[in-house]
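Here's the structure, in structure tokens; my notes come after.
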Amino acid sequence: MLKHEEVPMDMAEEKSRSVATIEDVQRDLGLLRDDVSRLTQEVTKYFSTTGRKALRDVDDAVRERPLAAVAIATGLGLVCGALWRR
């Protein structure tokens, strides 16, 4: 059986452990937040660069073959219209 004097000491020890744990969690959350922010910036930069390149490629293709571009756009319009009706 525990003595009356041992209980507060155990509780104090437990409290100091939980405080250290809370500080560890807060530090880890800060590091995680930094990692997520960095990754978000990298993904945004990647998609921005890739999107611009894709638009340039489409623009070049349309300028090289304007009739083919019009035919493709017409075909896509007909397909979308047919799907929309269903």
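Against the definition (exposed (fewer than 10 other Cβ atoms within 10 Å of the Cβ) and in a helix (DSSP H, G or I)), how does LEU32 come out, yes or no? For LEU32, the condition - exposed (fewer than 10 other Cβ atoms within 10 Å of the Cβ) and in a helix (DSSP H, G or I) - is not met. Of the set (1) assigned to a helix (DSSP H, G or I); (2) aliphatic (A, V, I, L, M); (3) at pLDDT below 95, all apply to LEU2 but (1).
The values are calculated or read from the model by the stated rules, or taken from the named source; none is laboratory data. As the structure is a prediction and not an experimental result, all values here were calculated from the model. Reconstructed Cβ throughout: ideal geometry from the backbone, glycine too, with neighbour counts over all protein chains shown.
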